[in-house]
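Only the coordinates and a few stated rules stand behind these numbers; no lab work does. From a predicted model like this one, the values you see are computed outputs, not experimental measurements. Cβ sites come from the backbone with ideal geometry, for glycine too, and all protein chains shown count toward neighbours.
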Ligand SMILES: [Fe+2]
Ligand SMILES: [Fe+2]
Ligand SMILES: [Fe+2]
């Protein structure tokens, strides 16, 4: 694998995670516990779709195979998708949604902070813009972890269960493969161990404040997304999201 | 328009002589086009009618997000997905903004939303029709936001200050939605294949009449119009607004290369307006009464969101109370 191939792969991972999480959030329109919350969820989704587009545009240019960002997002099959398993998980209840969001935001925040220092200028530009947005996402989801964790008995129980349930999908983002190592060596992407330490330390602080227990870091973690091995949930999400381009191949909208 | 049947509680208009001094001063202010502000004295009927009208409008913005949500998760590319989500977000913003305007009249948002959920208060009948194809995202923007604008442009001159200012702000965004919706259809008609063109025509066929119904019953069947006009809560009658909408929409329809499902639609040189066929009023009242294709679904969705969210809202207030206590102790 050469550096360009690794970078293409890496950009897909970034773009796909943003896109798949945004798609999950889009499913929540009309379903949030309050109107203000619905607006906030929509704003996060808008940011993530925008970021996904930027990453996939870069990926498409790098690939230079006549595929556009739209082609990459709206026609690639499940096995070719590279999003984290974490983000494809169902919305569940509001605690599940927020647990998924917080674990992702925290990773996303530290990742984009690191990518703002990348040796690749295009990555720096996208990451720096995204970082402003994600700073807000993280503050919001962190607040919800605290509100629900330290709210009522019911919300505490739900929040704890949500964290425990999704935990097995949280480890994957720190397990480096050839792509990660190659790009880390080139100064393009960060070292995942350093990223994990920041993530873990912030996570512990927030969970403690939220009176929630942090599941063991050495718990068994599901992996596979970096090879396009997903949970069964992704196929349905993509079937819905890609319905039009797949039903009308070549049509413009 | 988003508020189709607003009861004023008045059987007939009072003359200035019949009014109390306060009422007369109020009416004279309105006649002189001076805006009424929240702190000013106002007749109870005016206040209640406005609450009804603004709440119906706000509910319509919120329920109106649902048909579009039906295609948000299936939008065909980045550009359209971003546009549609931004539009849905705008509508939510309109809802929130209108609820605040309504609260300046002493109404409570939660109480008014509870009335919506119990079926006591309505939202626009248009949102009880299903969004069945991607073309509907174009048609809704073009015809539904378009019809809403015709009404709301006039309401920018409504007598109640906060409502008038809300309309000015909202109209700008609605015009943008309308152009965006029209562009979706135009792109499909210009660059689309035969299936896509058929999709557009089918969508117009389904939304044409329901869009005309948005303006409400004929003037002759609108007993509340006179009072609402005297109070300048309403500035044009239902039939006049409907005519204005048709006159401006037909040329756009022709430019698209589509037709309306109305054999009687034709230009009347003498009147200087388009003639058009009779609305199926039975369908209109059926939908208003709750028997449209989506009434049950729409309300169930809204109710479920609020019911299932109650533990979240409780947690948020419990947490806020704890924080307050901590801060006080510190
Ligand atoms: Fe609106
Ligand atoms: Fe509106
Ligand atoms: Fe609109």
Separation of the residue A:211 and residue B:183 label points, Cα + 7 Å toward Cβ, nm: 5.1
Taking r as the C-beta separation of residue B:317 and residue B:165 and R0 as 35 Å, the FRET efficiency to the nearest 0.05 is 0.70
Estimated 222 nm signal from helices in the protein assembly as shown, with DSSP H stretches of n ≥ 4 weighted -39500 (n - 2.57), rounded to 500: -21000 deg cm²/dmol
Rg and Dmax of the stretch B:231-295, Cα atoms only, in Å: 14.7, 42
Given springs between every Cα pair under 10 Å in a Gaussian network model of chain A, which of A:85, A:131, A:28 has the largest fluctuation? A:28
Given B:187-199, B:127-139, the highest-first ranking by average Cβ count within 10 Å works out to B:127-139, B:187-199
Based on the Cα atoms of the stretch A:3-247, what semi-axes does the equivalent ellipsoid have, where each is the square root of 5 times one gyration tensor eigenvalue, given in whole Å with the largest first? 28, 21, 16
State whether the stretch A:133-253 is rounded, prolate or oblate according to the following rule on the C-alpha gyration tensor (a ≥ b ≥ c being the square roots of its eigenvalues): a/c under 1.5 gives rounded; otherwise a/b larger than b/c gives prolate, and the remaining case gives oblate. oblate
With a ≥ b ≥ c taken as the square roots of the eigenvalues of the C-alpha gyration tensor of the stretch B:179-323, please select rounded if a/c is under 1.5 and otherwise prolate if a/b is larger than b/c or oblate if it is not? oblate
Write down the radius of gyration of the stretch B:289-330 and its Dmax, each obtained from C-alpha positions, in Å. 18.0, 57
Averaged across B:296-303, how many Cβ atoms of other chains sit within 10 Å of each residue's Cβ atom? 1
Two-decimal log10 I(q)/I(0) for chain B, as the Debye equation yields it once each C-alpha is a single scatterer, q = 0.14, 0.15 Å⁻¹: -1.15, -1.28
Of A:29, A:134, A:20, the most mobile residue in a GNM of chain A (C-alpha springs, cutoff 10 Å) is A:29
Mind checking which of B:141, B:272, B:216 has the largest fluctuation in a GNM of chain B, springs on alpha carbons under 10 Å? B:272
Under the Kirkwood approximation applied to all pairs of distinct alpha-carbon atoms, what is the hydrodynamic radius of the stretch A:71-130 in Å? 13.5
What share of all Cα pairs of the protein assembly as shown, in percent, falls into each consecutive 10 Å distance bin? 3, 16, 23, 22, 18, 11, 5, 1, 0, 0
Beyond 28 Å, what share of the Cα-Cα pairs of the stretch B:102-257 is found? Please give it as a whole percent. 28
Within 10 Å of each Cβ in A:91-98, the average number of Cβ atoms from other chains: 2
Can you give me the relative contact order of the stretch A:3-247 as a percent, contacts being Cα pairs under 8 Å and 6 or more apart? 26
Test of understanding: express the Cα radius of gyration of the stretch B:59-108 as a ratio to 2.2 N^0.38 Å, with N the residue count. 1.38
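Calculate the all-directions average of the projected area of the stretch A:62-190's alpha-carbon convex hull, and give it in nm².
9.1
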Can you give me the convex hull volume of the Cα atoms of the stretch B:4-104, divided per residue and expressed in Å³? 116
